[in-house]
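To keep things clear, I will list the structure first and then write my remarks on it.
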Amino acid sequence: MFTVLLAIGILVLLSLIFGAILGYANVRFHVEGDPIVDQIDALLPQTQCGQCGHPGCRPYAEAIANGEAINHCPPGGQVTIQALADLLDVEAVPLDGDHGTENAKRVAVIREDECIGCTKCIQACPVDAILGAAKQMHTVIADECTGCDLCVEPCPVDCIDMVEVGVTAKTWSWDKPQGIAATSLNIIATDRQAEVTH
Amino acid sequence: MTEYLLILVSTILVNNFVLVQFLGLCPFMGVSGKLETSIGMAMATTFVLTLSSLCSYLTYTYILQPFGLEYLQTISFILVIAVVVQFTEMVVHKTSPLLYRVLGIFLPLITTNCAVLGVALQNISKQNGFVESILYGFGAAVGFSFVLILFSAMRERINVADVPTVFKGSAIGMITAGLMALAFMGFTALVQI
Amino acid sequence: MQVGKQQTANVFSFHGGIHPPENKAQSLQLPLGRPSLPNELILPLGQHIGQSSRPLVKVGDKVLKGETIAINNGFLSSFLHAPTSGTIAAIEERLIAHPSGLSDLCIILSPDGNETWTTLEPLNNWQDISKTDVLAYLSEMGIIGMGGAGFPTQVKLQGAHKNPLTHFIINAAECEPYITADDMLIREKTLELVLGIEILQHLVEADNIVIGIEDNKPTAIAALKSVLTERNSKIQIAVVPTKYPSGGEKQLIQLLTGKEVPSGQYPADIGVLCQNVGTCVAVHDAVTLGKPLISRFTTLTGDALKNPQNVEVLLGTPVAHLLEYADSEPKKLSRLIMGGPMMGYTLDSAVVPIVKTSNCILAASKKELPPPAPEQACIRCGMCEQACPASLLPQQLLWFSKSQEFEKAEHHNLFDCIECGACSYVCPSSIPLVQYYRHSKSSIREAREANVKSDLAKQRFEARKARQDAEAAEKEAKRLARQKATSDKATDKKKAAPAKPAPTAAAAPVTSDESKKLKVDIAIGKSKLKKLQKQLLEAQENEHVEEINSLQLQVTDQEKTIASLEEQLAQIPSAAPAAPVANTAKASPAPVSDELKKAKVDVALIGVKLKKLQKQLIETPDDQELKDKISAFETDLKAAQDTVSKLSENTQASTSTSTAAAEPKASISDELKKLKIDAAIAKAAVKKVEKALKKAEEINAPEIDAIRQQLKEAQQRADELEKALANPEATAPKAVPAQAKPATNLDADAIKKRKIDLAIAKAGVKKAEKNIQLLKEQGKDEAEINASEWPSKLKEAQDKLAALEKDQAAETSTPSVAKEASAPAATTNIDADAAKKRKIDLAIAKAGIKKAEKNIQLLKDQSKDESEIEASEWPKKLIEAQQKLAALEANESAPAATPTPASSPAEKTANSTADSEAKVEPEMDLATQIKKEKIAVALAKAQINKLNKRLENSPEDANSIRQEIGAAEKRLQSAETLLEKLIHSQTNMQENR
């Protein structure tokens, strides 16, 4: 009987000591906030478009830090998802279609002769990319426009178009070579079969 | 002195915990996807292993043995390891939140890393002294880190290489690990006594 | 000797490199050709690296040869000149020579065939004017690097001033197969080249000038050497072995200096400047001849051309025109390449123009340049690594590029790749490595640009958010200010009525600022208080015990703040009337559309006004008008109280007959809540009083030294007790005179002292009683209790109390005789206090009734049948409470009548009034205490009931509720015992008297 009690006593004693150590460590190494949010935020495209269902990119970053899926950002597209997946060491998943599709980069353009100068789009723009004043024609600063679409809805005369930013010689980028798969010259038989089934 | 050196060589190369004794394979396969992560994991494990072998030695020698409670060694070692891991987790969370996040479940899983308990128990069975215990734990940790980092560096390259489809991912990882283990077997004859 | 010096230039080596077939001989067969004018010249605005030029001309403008038609657009940009005279036909998008095959904005010039030169203004004094001016002149002449990249020359030269230059290298290597334009240029324009180098040397002042030229151009080397010897120049010639890509800037630098340009840096960082021979000639033409850059040497070559040759061609000439000139064979032509076979790019169309950087048009036949072999798997032969002139790891870069791991690719110095194509050339698996790298590079560049843009967007978003927040805050501040303003107005209105007659109002302007500030503070405090009270109300509705407690604490705190503010305000005479507002605010939260409530509010309002006036009276005791006003208000008060009692009687009647409709019920419960809040407020007041008491004690330290210790304990006890009572209003009014008096006169001071003593004594009695009670509870029998010192202490305390009360009576009467004016003031005060006390008792009694009624109603709601209700103690309680109320109301009318005559005729026999008042007062105090205890008992009972109800409703919490019930019962018991004692002592006192 004594042995049993002794054993239990020793274990309890050990537990108490370790508990005290952990308690101290908990206070000493207490973590304030979540610095990961900043890193996630840095990867998001900052269009502040709200397509993810959050009012801006930072709230979505916070949501991601709290475990929301990383595929709710259509403006960022697959590239952003990949970057987030790398950062958070999770599986890169395809974009969630519920939140929109990945479109080519667009900017808002105001058909200026139709603009009535209501300033509604100015208020809607999350990045202050629309210039204008009440009763004055408005115009979009194309370089500042993130193409978030938020100004289109409020316009009472529908004079805002989302225009795709075409590729110019300056913004053009080289294509990725087609790679081996396209040539059907794979040496390894299994790979060739996989291709055929595709 | 030679004895200490031998302990280190033995644990790091000849009796490498992962590739020769096959202990701690879970993090070895799980956290070796990225070099950065595996370095973090290696450091955390080194810390835990060294500290826990020290703590478990002290617990055994000064608490269990005097009371004749050697049969409690497993349960008390688990307790010690759990505490050390928890402590490490807190430290990592504080110092490197990204590493904390990246290590994710594997950090608490060090608790169940059989290498950690293995070291503690082998220390007892080998009747290692104080310094020997620490060195044994440290050597085991260095050996673990060594192969983990090597393996992850290899996996990183293999990941971008055009491996035949059927071998992609874990399959080629396993093969690589097996080849590495074969290579480490070669260290058996390293020390001639 | 000179020759010997020229040949001593050391030649080093660089890693890698390849030796592709040179194919340079074809284009050197024919002499330099000069093609005819094409029908139109297409001049892209972006022929250089950096911002596109801005057109200076309009469509239809006539321009002369060499006239500026576009100017620079920023720092990294260049000028553009008309290559010939003619008319501007259009400024539009045209296909340009670009790997993308995209269009860009071009100026289209229709030549008139006259080739009329504009006035040329050579910079003949370039050696005398400042270098900056020369650089600016070069920029205006549209000089850019002609080697291939098209970097604006003046920018490059400016950059070269970062470090002292050790080497100025002239790149004449021309390592790419097929191309011989530079070779031909050196042969044709040797002197111009050397002169151009001299001009540039003047600008950059390098230690060594070396012309790097491959050994496959013997003619050019000979020509150069002869000119240099002739001019006795210190320019060295370094003949480098033919190896691709020795013409690369970094490779040539390494070849000639042995120094490697560090990764991510420019040649200027290691003190080296490199210029192409074409650029040097262009500089010469510009400076000494005044000719802008309008033409260049271009190689036309390839098997598809019958007459491959070098031509000096006007910029903007379409490639098709040149092909025609060189007799191309369309059948043989399979690929048209701009640039060399290694670094050039395929042209989709021959309409694209020659630009400043076009050094070669390669019209290749299929045999000559077969389509690239299909890509095969990498066999890890490592030949690419052997070939790479930048010492990179092409294979690693390939893996990373393929798997889109751009970060790692960058880590492996992807951006040091010069895209020379050597790796692709040697690859046995025909992997288009350079294409992969180009793709990776542009992806990374895109990502960086996107990053910059997203950072900008983030900044702007955050700035906008900050701005919006600031706006919102401003609005809120304005709104608050407006609210304050309105409440101030209200205060002013309130102030107007009672304060106008007061003479002290004259002092207003001096302190108005201070008072305004205080008022604002009070307003804020009040709004907070209201909010808290609302919360409290909600909490009480939901019966959340903890919440109620915490909220009550908060309310108390808020009360304190307001009270202290009001005190401050009260000290400012003109601001004094602000206080009623606060009280009104307290009196009227959650308005109930009930007559009773309205009447009560009236009572409270009048009482408050009365109090205010009394205060003023103390300060200005000689004011007859004020006294009249007070009496008028007292009459008002009485009338209002009558209404209240009548109304409450009505309510009683309606509820006791159980015919109460839903509406009154609701209003009653509302009223109850209101009263509860009032109770909480009163608690705060008690605390305040105690504070004041302590302060007073400190002031009068020597006199009350003996009882101080006892006092402190007693106060604590009293505090606890009063908390339990929840309705210590009776003591509250005392504080007001107690605080007000010291400031005014000595008599008041004395009275105050007495009162404090009285209070202390009472507290002592209470303490003693409580201790006895405690002993009893602990089950000590009477003997033990008697044995303890408490009964004796109690007796002592009671004696002291009696003595003090006697003193008090005497004291109050004395000054009233001595000072006729102040006596009525004091008595009025006491009267008012008494009136207030009664009022409060009344309210409490009513609250008790209402609570009882409510509980009954609740029971009914829960569909308990009558017998059950009867069984519960509520009906009994209700009746009790009603009786109490009736008694109180009876009391009310009696004393309320007393002070009226006492105060109104000040000249009347003050003695008698004071005497009667003195007799009434101590009894009143005891009576009040008794009442308080009774209420405490009722409250405790109520709580027990409530808990019982909860127990029924939530049996899962049974244990905790039972505990609470136990505690409440204890409290009830102690309160009952205390009550008993008090009644006992009251009878004792009456007997004593």
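The values are calculated or read from the model by the stated rules, or taken from the named source; none is laboratory data. Because the structure is predicted, anything quoted here is derived from the model rather than measured. Please note: Cβ atoms are built from the backbone with ideal geometry, for glycine as well, and neighbour counts cover all protein chains shown.
For every residue, the table says whether it meets (1) modelled with pLDDT under 75; (2) of a type in the set (Asp, Glu); (3) at positive phi.
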residue	(1), (2), (3)
A:ASP158	no, yes, yes
A:LEU185	yes, no, no
A:ILE188	yes, no, no
A:GLU195	yes, yes, no
Helices (runs of 4 or more DSSP H) wholly in region B:24-131 with at least 2 residues that are closer than 30 Å to A:VAL37 by Cα - which ones?
B:25-30, B:35-59, B:73-95, B:97-103, B:106-109
Residues (at the interface with chain A (Cβ under 7 Å from one of its Cβ atoms) and surrounded by 17 or more Cβ atoms within 10 Å (Cβ to Cβ)) located in region C:451-468:
C:SER454, C:ALA457, C:LYS458, C:ARG460, C:PHE461
Give A:LEU11, A:LEU22, A:LEU16 a once-over and let me know the one that is at pLDDT 85 or above, farther than 29 Å from A:ALA61 by Cβ and more than 10 Å from chain B (Cβ to nearest Cβ).
A:LEU16
Matching option when the condition is more than 10 Å from every other protein chain (Cβ to nearest Cβ), in contact (Cβ under 8 Å) with a residue 60 or more places away in the chain and surrounded by 15 or more Cβ atoms within 10 Å (Cβ to Cβ), among A:GLY56, A:GLY50:
A:GLY50
Quick one: B:SER125 ticks every box in (1) within 30 Å of B:MET1 (Cα to Cα); (2) of a type in the set (Ser, Thr, Tyr); (3) surrounded by 21 or more Cβ atoms within 10 Å (Cβ to Cβ) bar one, so which box is it?
(3)
From the list B:GLY118, B:GLY40, B:GLY33, which one is more than 12 Å from chain A (Cβ to nearest Cβ), of a type in the set (Gly, Ala, Ser) and in contact (Cβ under 8 Å) with a residue 60 or more places away in the chain?
B:GLY118
Residue tally, condition within 9 Å of chain A (Cβ to nearest Cβ) and either within 12 Å of B:ILE124 (Cβ to Cβ) or free of Cβ contacts under 8 Å to residues at least 40 places away in the same chain (or both), over region B:66-81:
8
Failed condition for B:LYS126, given (1) within 17 Å of B:THR50 (Cβ to Cβ); (2) among the basic types (Lys, Arg); (3) touching a helix residue (DSSP H, G or I) at 6+ places or on another chain (Cβ under 7 Å), with all others met?
(3)
Residues of region C:88-146 classified as more than 14 Å from every other protein chain (Cβ to nearest Cβ), outside any loop (DSSP other than H, G, I, E, B), surrounded by 14 or more Cβ atoms within 10 Å (Cβ to Cβ) and without any contact (Cβ under 8 Å) to a residue 60 or more places away in the chain, total:
5
From the residues in region C:49-66 that are within 17 Å of C:THR317 (Cα to Cα) and not in a strand (DSSP E or B), which one is farthest from the chain's Cα centre (by Cα)?
C:LEU64
For region B:168-187, how many residues are farther than 15 Å from B:LEU150 by Cα and free of Cβ contacts under 8 Å to residues at least 12 places away in the same chain?
4
In region C:383-410, which residues are within 14 Å of chain B (Cβ to nearest Cβ), of a type in the set (Asp, Glu) and not in a loop (DSSP other than H, G, I, E, B)?
C:GLU407
Number of the condition not met by B:LEU79 [criteria: (1) at pLDDT below 85; (2) surrounded by 17 or more Cβ atoms within 10 Å (Cβ to Cβ)]:
(1)
Kindly indicate the residue of region C:415-425 that is in contact with a helix residue (DSSP H, G or I) (Cβ under 6 Å, 6 or more places away or on another chain) and crowded, with 20+ Cβ neighbours inside 10 Å and also nearest to the other protein chains (Cβ to nearest Cβ) among those meeting that condition.
C:SER424
I need the full set of residues from region C:366-386 which are under 30 Å from C:HIS48 (Cα atoms) and either surrounded by 15 or more Cβ atoms within 10 Å (Cβ to Cβ) or touching a Phe, Trp or Tyr at 6+ places or on another chain (Cβ under 7 Å) (or both), in order please.
C:LEU369
Restricting attention to region B:146-166, which residues are farther than 16 Å from B:MET41 by Cβ and within 14 Å of chain C (Cβ to nearest Cβ)?
B:ARG157, B:ILE158, B:ASN159, B:VAL160, B:ALA161, B:ASP162, B:VAL163, B:PRO164, B:THR165
The one condition C:SER429 fails out of (1) within 13 Å of chain A (Cβ to nearest Cβ); (2) of a type in the set (Ser, Thr, Tyr); (3) in a helix (DSSP H, G or I) is (3)
C:VAL210: in the same structural domain as C:PHE151 (by TED's automatic domain parsing), farther than 26 Å from C:PRO31 by Cα and in contact with a Leu (Cβ under 9 Å, 6 or more places away or on another chain), yes or no?
yes
Quick test of your reading of the structure: A:ILE122 fulfils all but one of (1) touching a strand residue (DSSP E or B) at 6+ places or on another chain (Cβ under 9 Å); (2) assigned to a loop (DSSP other than H, G, I, E, B); (3) within 13 Å of chain C (Cβ to nearest Cβ). Name the failing condition by number.
(2)
Here's a check for you: in region B:82-110, which residue that is crowded, with 19+ Cβ neighbours inside 10 Å and β-branched (Val, Ile, Thr) is farthest from the other protein chains (Cβ to nearest Cβ)?
B:ILE110
